[in-house]
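**Student:** Got a structure for you, questions after.
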Amino acid sequence: MGQRLENISAPARLARPDEGISAQELALAARNHGLPLEALRYEITPPGLHYVLTHYDIPFAEEPDWRLALGGRVRRPLLFGVDELKARPAVRQRVTMECAGNGRALLTPRPVSQPWLVEAVGTAEWTGVPLRVLLAEAGVERDAVDVVFTGADHGVERGVEQDYRRALPLDVARGDEPEVLVAYAMNGAPLPPQHGHPLRLVVPGWYGMAQVKWLRGITVTDVPFRGFQQSVAYRLRQEAAEEGEPVTRIAPRALLAPPGFPDFMSRERAVCAGAVTVTGRAWSGWAPVTRVEVSTDDGHTWHPARLDPLGTHRWAWRAWHFTWRATPGRHVLSARATDADGHTQPLDQPWNRGGFVNNLVQRVPVLCLDDDGER
């Protein structure tokens, strides 16, 4: 029998009703870590706590030798070294990134893939050159439609050997709100290897699949891009044969930093009776978050939280605060966000085969101890 890539690369599938997390999924979870929820208290996520999803391997990159090629339907193809990009006027943006599959492991049936709970998120300050400036320098042809971005990470997925590639519509790629960056720094330091060193794309408001890491190629095309990650992987489908809708902007979400202290295995929290300050972050890729509500009784009743001022960081999460009068017993805490366009988080999550755009409200079990402090 011939040896083919299909022998090591299985098709997409759904978990059986009684199927637990597989060894393969556990291996993915070990490689791709989420944000520890207590780290929501950081306004800017330290790089080692920011979520990471790597499709294939982390390429080994020597910055002096790295080149970024810009070509296709342009009048002047360009080739940039990293130092050339750093010598240009820099833009620094604070951006919240979230994986499109965040919450996938909570779905029923569960799509078999990276088993995210709700921690696939982080906020960083990215420094780089606006993509629109580079496209203007190259001179985009009138018939241009898409801009395709190629990363250096290479692998096989569902039997398809590929470099990781994604595209943006031309109007998004050269827009200024949001302003897409070719970034070379994270939180004021060079990109760490797992975050795309030495160059990556940053697309504010879009899910993580658009933020191509280890960026080495930008190609302007006169036809819509139909690569695997664009037309196969990141689509909202009910049935496998459907074309589906593309995954694009981040749906609103609020997460709370679990109060009190946790049990090692269950992660269930314990608090003392009385006033408990509950804090968290909320964000949306569609419009600014304008309301966060908190429930302490598993979604039966909701109460408004206090939002911090919006400030100047449109594409970053927004802090919120709520005072809970905790009484002895078991409770389930939740938070939900609503943005200025009226998008809000669902109480019953719509399902799709990829487990994408799953912004169901978070549920945090909490044990409030007896008044006598019995433990």
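The values are calculated or read from the model by the stated rules, or taken from the named source; none is laboratory data. What you see is a predicted model, and the numbers here were worked out from it, not measured in a lab. With ideal geometry, Cβ positions are generated from the backbone for all residues, glycine too; neighbour counts draw on all protein chains shown. Each accessible area value is taken on the protein alone, full model and side chains, heavy atoms only, with ligands, DNA and RNA left out. Shrake-Rupley method; radii C 1.70, N 1.55, O 1.52, S 1.80 Å.
**Student:** Which order, highest average first, do 343-351, 326-334 follow once you tally other Cβ atoms within 10 Å for each residue and take the mean per peptide?
**Tutor:** Averaged packing, sorted descending, gives the order 326-334, 343-351.
**Student:** Which residues among the stretch 12-36 fall inside the zone where the amide N is under 18 Å from a point 7 Å beyond the Cα of Ala241, along Cα→Cβ?
**Tutor:** From the stretch 12-36, the list is 12-14.
**Student:** Also: Please compute the per residue accessible area over the chain with all protein chains in place, 1.4 Å probe, rounded to a whole number of Å².
**Tutor:** Per-residue accessible area for the chain comes out at 46 Å².
**Student:** Along each of its three principal axes, how wide is the spread of alpha-carbon positions in the stretch 314-375, in whole angstrom units, largest first?
**Tutor:** 46, 31, 17
**Student:** Which value does Rg/Rh take for the stretch 1-71 over its C-alpha atoms, Rh per Kirkwood?
**Tutor:** 1.10
**Student:** If you don't mind, another one. Under a GNM of the chain (C-alpha, springs under 10 Å), which listed residue has the highest mean-square fluctuation: Leu256, Leu14, Leu131?
**Tutor:** Top of the fluctuation ranking is Leu14.
**Student:** Related question: Output the relative contact order of the chain, whole-number percent, from Cα pairs under 8 angstrom with separation of 6+ residues. Before the final figure, lay out the partial values.
**Tutor:** On the way: 929 pairs, mean separation 65.2, N = 375.
The value is 17 percent.
**Student:** Stretch Ala90-Glu6 to full length: gain in nm at 0.36 nm per residue minus the Cα-Cα span?
**Tutor:** The span from Ala90 to Glu6 would gain 25.8 nm if fully extended.
**Student:** Per 0.36 nm of contour for each residue apart, how much would the distance between Asp65 and Ala273 grow if the chain were fully extended, relative to their Cα-Cα spacing?
**Tutor:** On the way: separation 208, 0.36 × 208 = 74.88 nm, distance 5.93 nm.
Here the segment from Asp65 to Ala273 would lengthen by 69.0 nm.
**Student:** So how strong a dipole does the chain carry about its Cα centre when Lys and Arg Cβ are +1 and Asp and Glu Cβ are -1, to the nearest 20 debye?
**Tutor:** Details: 42 positive and 45 negative charges, 96 e Å.
The dipole magnitude comes to about 460 debye.
**Student:** Now, a different point. If you add up the charges near Val148, with Lys and Arg at +1 and Asp and Glu at -1, over every other residue whose beta carbon is less than 11 angstrom from its beta carbon, what do you get?
**Tutor:** My count for the surroundings of Val148 gives +2.
**Student:** Most mobile of Thr45, Thr96, Thr277 per a Gaussian network model of the chain (Cα springs, under 10 Å)?
**Tutor:** Checking each option, the largest mean-square fluctuation is seen for Thr277.
**Student:** Taking the Cβ of Arg318 as the center, what net charge do the other residues with Cβ under 12 Å away carry, scoring Lys and Arg +1 and Asp and Glu -1?
**Tutor:** +3
**Student:** While we're looking at this one, here's another question. For the residue pair Asp222 and His321, what label-to-label distance in nm results when each label sits 7 Å from Cα along the Cα-to-beta-carbon direction?
**Tutor:** 5.8 nm
**Student:** Give me the one-decimal nm value for the distance between modelled label points at Asp83 and Ala27, 7 Å along each residue's Cα-to-Cβ direction.
**Tutor:** Once both label points are built, they end up 4.1 nm from each other.
**Student:** Answer with a single label: of [x] 20.2, 60; [y] 20.6, 64; [z] 21.7, 76, which was calculated as Rg and Dmax of the Cα atoms in Å from the structure in view?
**Tutor:** Computed from the coordinates, Rg and Dmax of the Cα atoms in Å corresponds to [z].
**Student:** At 222 nm, what value in deg cm²/dmol follows for the chain if DSSP H runs of at least 4 each add -39500 (n - 2.57) and the sum is divided by all its residues, to the nearest 500?
**Tutor:** Rounded to the nearest 500, it is -1500 deg cm²/dmol.
**Student:** Could you work out what % of the accessible surface of the chain is carbon and sulfur, using a 1.4 angstrom probe and leaving DNA, RNA and ligands out of the count?
**Tutor:** 53 percent
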